[in-house]
Amino acid sequence: MNKREFLRTAGGVSAGIFFGRELVEHLVSHSPAALAGDEPFWAAMRAKFKLTSDYINLENGYYCFQPEEVLDLFIKNVRAVNVEGAHYMRTKQIDDKLRARTKLAALAGCSPEELIITRNTTESLDTVINGFDWKPGDEAVMANQDYGAMLDMFKLQARRRGMRNVMIDIPMDPKSDDEVVQVYANALTPQTKLLMIPHMVNITGHILPVRAICDMAHSRGVPVMVDGAHAFAHLDYKIPDLHCDYYGASLHKWLATPLGAGILYVKQDRIASLWPVFADLSMADTDIRKLNHTGTHPVHTDLTIENSIAFHEAIGIARKEARLRFLQQYWTAKVRGLPKIVMNTPSDPKRTCGIANVGIEGLTPADLAKKLLENHKVYTVAINGALVKGVRVTPQVYTSTKDLDTFVSALKQLSA
């Protein structure tokens, strides 16, 4: 694609807005693979973010702050809503939120009638779990490596409804997709009413073969709910291509929206059977908006989703994924296999992207995270559970190889 053709696309228009001519030309003339390790180009991206000098931030997977230009637009949206107050909320809010929802649906590759804007992945997936009409003896299958908030909601349903939760362990370093699929297949029974899987395991970065798992489960009559908190705007895919029935994700992670934005996708033929958490009897049972009765909501967050999408598309998901995978492989290749270093992330590059987890023998995850921050000014998060003992490392596109060299040096010193 030449520059003129690129500038006609949504990404090209966004690039023209956020980046100068020289950056756009450089972006267009290089493949994602060639651009992945181009430090001068990504240094220009880094300049778009205001970073603290107190530490190197390798914990973007919890929340990644907005680029300065998006932050300015967020503040502008806050002011615009604040000026009109109730008049805005009663006359313009619905149309503006529909526009943001429609753009999100386009990014996800689904119909706007199958997607709503939520506050985060927890709200999205807990809405599904709580929306099932569970009966005593029903079963749900999930992994010990799944996110705690969803596991807690399943436990609550077991206490309240008498259903049963079946737990499995995801292989840490599988040699094939079949190995992962079979672990889930072995746990399904005629009583299984729902299977929950992570698209990307939040504590290790392991990318699961989602479509293969969904197809297997569907062949046994079991619907699948996917936790996409760390995959959305991180990996290049469209939700319908995964063949899942439900999909939840947070937008303040890899899409870098303001805090408090997420999505819930429900396949059209699954909407009617879900009970809403908050009643809204004005909506038909088949209308996904019945699940989105939020009351008065900070709409300026939703409005800024459009701006975050524009910045995301300016870079391009293929380039972003390639960069994030490059960064992870850059540092893990330097420490994997060293004495006392324990990698909790699959070795196959196809099974990972930006996230990885590393531990050091003889150091608890909490001690490792503390020493990294206090002694080396590197911020990570400790993970200690579900067979994983280490710190999770989540860079972003602004992260430099120099940052990662500092991190690698710290690991080598601490493991010596």
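Here, each number is a calculation from the coordinates, and none is a lab measurement. Source: prediction; values computed, not measured. Glycine gets a Cβ as well: all are built from the backbone with ideal geometry, and neighbour counts include every protein chain shown.
The Cβ shell under 13 Å around GLU321 holds other residues with a net charge of +4, Lys and Arg each +1, Asp and Glu each -1. Placing +1 on each Lys and Arg Cβ and -1 on each Asp and Glu Cβ, with no other charges, gives the chain a dipole about its Cα centre of roughly 420 debye. I'd like the antiparallel share, as a percent to the nearest 5, of DSSP beta bridges with both residues in the chain. Of the beta bridges lying entirely in the chain, close to 55 percent run antiparallel.
Over all other residues within a Cβ to Cβ distance under 14 Å of ALA149, the charged ones net out to -3, with Lys and Arg as +1 and Asp and Glu as -1. Taking a ≥ b ≥ c as the square roots of the eigenvalues of the Cα gyration tensor, an a/c ratio of 1.5 or more together with a/b no larger than b/c marks segment 34-159 as oblate. Summarising the amide proton neighbourhood of ALA356: residues at separation of 5 or more, or on other chains, whose placed amide H is nearer than 5 Å comprise VAL393. Helices meeting the span-like rule in the chain (full DSSP H runs, Cα extent of at least 18 Å along the helix axis, mean Kyte-Doolittle score of 0.0 or higher): 68-84, 299-315.
Here LYS135 is the anchor, and the lysines within straight C-alpha reach of less than 18 Å, apart from those fewer than 8 places off in the same chain, are LYS155, LYS193. The residue list LEU51, VAL358, ALA217 was ranked by how far each Cα lies along the charge dipole of the chain toward its positive end, using unit charges on Cβ atoms, and LEU51 comes out on top.
Among the trypsin sites (Lys or Arg not before Pro) in segment 352-393, those placed in a DSSP loop whose Cβ has at most 15 other Cβ atoms within 10 Å are LYS377.
Overall, the anisotropy analysis places segment 235-303 in the oblate class: the square-rooted eigenvalues a ≥ b ≥ c of its C-alpha gyration tensor yield a/c not less than 1.5, with a/b not exceeding b/c. For ILE56, the residues whose amide H sits under 5 Å from its own are VAL378, TYR379, ignoring neighbours fewer than 5 places away on the same chain, with H placed 1.01 Å from N. Positive contributions from Lys and Arg (+1) and negative ones from Asp and Glu (-1), summed over other residues with Cβ under 12 Å from the Cβ of LEU368, come out at +2. Applying the criteria of a DSSP loop state and at most 16 other Cβ atoms within 10 Å to the GluC sites (Glu not before Pro) of segment 317-384 yields GLU361.
Within segment 176-274, DSSP assigns beta bridges of which about 45% are antiparallel (rounded to the nearest 5). Taking only the alpha carbons of the chain, we obtain Rg and Dmax values of 21.7, 64 Å in that order.
Calculated [222 nm] ellipticity per residue, helices only, for the chain: -13500 deg cm²/dmol; basis is -39500 (n - 2.57) per DSSP H run with n ≥ 4, divided by all residues, nearest 500.
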